[in-house]
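Below is one structure, written out as C-alpha cells, with a few remarks after it.
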Amino acid sequence: MAGREYVQAALAGLDPAVSGVDPALPLHATTFVVVDLETTGGAPDGGGITEIGAVKVRGGEQLGVLATLVNPGVPIPPFITVLTGITQAMLLPAPPIEEVLPSFLEFLSDGVLVAHNAPYDVGFLKAACAKHGYPWPNPRVLDTAALARRALLRDEVPNRKLGTLAAYFRTATQPTHRALDDAKATVDVLHGLIGRLGGHGVHTIGEAIEFARAVTPTQRRKRHLAEGLPKVPGVYIFRAADDRPLYVGTSGDIATRVRSYFTAGEKRARISEMLAAAERVEAVECAHSLEAEVRELRLIAAHAPPYNRRSKFPERMVWLKLTDEAYPRLSVVRSLSPTDTAFLGPFRSKQAAELAAAGFHDAVPLRQCTQKLSRRTTAPACALAELGRCPAPCEHRITPEEYDHRAAAPFRTATASDPQPVVDALLARIDALSAGQRYEEAAVMRTRLVAVLRAAVRMQRLAGLTGIAELAAARRARHGGWELALVRYGRLAGAGVSPPGVHPRPTIQAIRATAETVLPGHGPVPRASAEESERILSWLERPETRLVEMSAGWSSPVAGAARFRDLLHKAENASSAQLSTERS
C-alpha cells in the first residue's frame, strides 16, 4: 500500500491541463513519445493489453525506449497469437498492467503521445488507468494515420495503413504486429510526415495537431485573425471588410475562445460561412464574466449581427395586459404604458403570450371578444356565451363589479402575487379531462398551465430585482480580489475588479462615481432587456456572490408564483416526454 501511495504522489504533477506541452513549441523541439499496443482484441475495459512499446524522440534523436509484455489475466484468442506471435506461455511471467502503468506514465510525462490510429491505443490506456486508480495525464495526442490522410494524396499511397506508410517512407524497421517494432516504424513514418508539413505552413506541434484534425482551408487561411488577442474576459466581434459586425460572442478568455473557431472542433456551417467573410476580430476587454455577458447582449441587440441567432431583437418582446375598460379583456401588446396596471410578461413571441392567455381563459371567465363594451347599452352575445364560456357582459348579464371580482381580479392577483386560484382551476380541468380519458385535451391544458406559471414566475423574479434603485454585489475573483457589479433598476450600471489584498470599498465608490445613470421606469424590466436582468439575477444568485449594499430590500411575494416551481418542472418534464414520444 505504501508503494502505491508513493506512485500516486509521484504522478500528481503530471496533468498537462496545468503543465502541458506548449502548442507553440516548434516540431523540431517537441518531445514525442511514440506508442504502440498489442491487445487481446476486445473492447477497452481496463484490461486486454498484452504488450506495450514506446519510443521517445526529439529532433530526430532517440531519447529512450520502453518495451514490455503485459499479462492480461485472460486467455489470448488463437487468431491474436497467429497475428502477433505472442503466446500464452510468453505472457504468464509478464507483469500485469497495474504494475506497468507507473513506468509508462512517467515515460510519457514530458511528451506528446503519438500513435497510429491513436484513439484505439489511447482508449485502452485511459481505461486501464481508470480501472486501477491512476490519473490519466491527458497529454496532447498526434495521430499519424490522421496526419497521413491530410498530408499524403491518394496518388501517393492507396491507404493509410502503417505497413503501407512504412513502405512508402522506407522505414528502417518494418511493422510486424509487435509493439516495439510497430512503434519504431511509426517513428520513421512520423519523421516522414513532418517533412511534408512545412509545405502546408505547419511548424508547431499545435498546428500539426490541428492540421491532422481536418481543419478547412478557410479556417487555416483566416487563422491569423486570432493572433494578438488578449487572454482576458470580454467580448469578441468578427467584422467584415466594410467593418460591419458579423458575429458577437463572449468568453472568459477571448484569445482561447477565438482560436477555437479555427480548429476542427468548429463544424457549424453558418460559422464557416461567417469566417469566410470575416476580415478582423475586435476584442472588448471587460472586468469580469458578467460584464462580458451584458455587453454581448447589448452589442447583439444594437447591431443584429447576421450570424448570431439569439438575443437579436429584444424589442420584439410582447406583453399580455388587462385592458382598461368597464369589462376588461386580455390584449397582446408590444409595449406597456404607465397607465397599465395588470400585465404579464415579457414573452418572447406572440404565440407564447396567446398560449398563456388561453390558460387564463380556461381558468377564469374573461371575455374573449375584442369589441368595446358599454355600461349603458347592450350588444349581441357571441357563441361563447351560449356555450357557457363567457358571462355575457355584452348583454349585461353580469355587473361590472361582479365581472371584476370573478374574471379580472384573479388575473391581477396571479400576475402580481398569488396564482393559486388560476392554478387550481386549470388543475381541476386537467383532472376532469383525464378522468374522461380525453388525454390529448388534458395535455393541451397542461401546456397552457406551463405557459401561465412560467411567465408568472419569470416576471415576479424580475420585478424583485428591477424595483431596486441601486444594488452593489461582489464575488471572489479567480486570482484574488473581488469582482464587483453595480446594478440599477435591473441594469448593469458599472463593473470592476478590486486588487488582491485591498479592501473593495474604494473600488465600489469609484465604480459608483463613474456608473451609468439609470432612471426608474414602469414594468418589471424598466431600463434593461429581460435577458440582461436575468443574466444579472443568475450572477447574483450564485452561492459565492455577496450582496454589499442595497438601496431597498430585495423581496418576492410570500405566496407568489415561485412556490409552484416544482409543479412547473413536473409539467414541463411531462410535456417534454410527450413530445419525445410523438417524435419517435
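Numbers below:
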{"item": "Point-to-point label distance, VAL157-ALA240, nm (Cα→Cβ direction, 7 Å offset)", "result": "4.3"}
{"item": "Potential lengthening between LYS350 and THR218 on full extension [0.36 nm per residue; Cα-Cα distance subtracted]", "result": "43.5 nm"}
{"item": "Tensor-based shape of segment 300-405 (alpha-carbon gyration tensor, a/c under 1.5 rounded, otherwise prolate or oblate)", "result": "prolate"}
{"item": "Accessible-area ranking of HIS288, HIS569, HIS28, largest first, probe 1.4 Å", "result": "HIS28, HIS569, HIS288"}
{"item": "Residue-level accessible surface for CYS394, protein heavy atoms, 1.4 Å, Å²", "result": "10"}
{"item": "Listed residues HIS224, HIS191, LEU246: farthest to the positive end of the dipole of segment 177-273 (Cβ charges)", "result": "LEU246"}
{"item": "Crossing angle, helix 505-514 versus the chain [Cα axis fit, 0-90 degrees, rounded to tens]", "result": "60"}
{"item": "Volume per residue that the Cα convex hull of segment 231-315 spans, once the total is divided by residue count, Å³", "result": "87"}
{"item": "Rounded to whole Hz, the Karplus (6.51, -1.76, 1.60) HN-Hα couplings of segment 215-231, x for glycine and proline", "result": "5, 6, x, 5, 4, 5, 6, 9, 4, 5, 5, 8, 7, x, 7, x, 8"}
{"item": "Listed residues LEU153, LEU108, ALA128: farthest to the positive end of the dipole of segment 87-176 (Cβ charges)", "result": "LEU153"}
{"item": "Degrees between helix 439-466 axis and first principal axis of the chain (Cα, 0 to 90, nearest 10)", "result": "90"}
{"item": "List VAL444, VAL281, ordered by accessible area with a 1.4 Å probe, largest first", "result": "VAL444, VAL281"}
{"item": "Rg followed by Dmax, in Å, when segment 43-172 is reduced to its Cα trace", "result": "16.1, 47"}
{"item": "Positive-end residue of LEU330, ALA352, PRO314, charge dipole of segment 305-365 with Cβ unit charges", "result": "PRO314"}
{"item": "Value of [θ]222 nm, deg cm²/dmol, for the chain, DSSP H segments ≥ 4, -39500 (n - 2.57) each, nearest 500", "result": "-12500 deg cm²/dmol"}
{"item": "Cβ-placed point charges (K, R +1; D, E -1), dipole of the chain about Cα centre in debye, nearest 20", "result": "1600"}
{"item": "Accessible carbon and sulfur surface of the chain relative to its total accessible area, %, 1.4 Å", "result": "53"}
{"item": "Antiparallel DSSP beta bridges within the chain, percent to nearest 5", "result": "85"}
{"item": "Peptide ranges 169-179, 185-195 listed from the most packed, as the mean C-beta count within 10 angstrom indicates", "result": "185-195, 169-179"}
{"item": "Principal-axis tilt of helix 289-303 within the chain, Cα atoms, nearest 10 degrees", "result": "70"}
{"item": "Estimated FRET transfer efficiency (ARG375, SER331; beta-carbon r; R0 25 Å; 0.05)", "result": "0.80"}
{"item": "Whole-Hz ³J(HN,Hα) from phi, Karplus 6.51 cos²θ - 1.76 cosθ + 1.60, for segment 161-173, glycine and proline x", "result": "5, 4, x, 5, 5, 4, 5, 5, 8, 6, 5, 5, 10"}
{"item": "Options (1) -0.82; (2) -0.64; (3) -0.51 - which one matches log10 I(q)/I(0) by the Debye sum over Cα atoms at q = 0.08 Å⁻¹ as calculated here", "result": "(1)"}
{"item": "Computed magnitude of the charge dipole of segment 504-582 (debye, nearest 20; Cβ of K, R +1, Cβ of D, E -1)", "result": "340"}
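The values are calculated or read from the model by the stated rules, or taken from the named source; none is laboratory data. Note that the structure is predicted; figures quoted are calculated from it, not measured. Virtual Cβ from ideal backbone geometry, glycine too; neighbours counted across all protein chains shown. Surface accessibility is based on the protein's heavy atoms, side chains included, excluding ligands, DNA and RNA. Shrake-Rupley method; radii C 1.70, N 1.55, O 1.52, S 1.80 Å.
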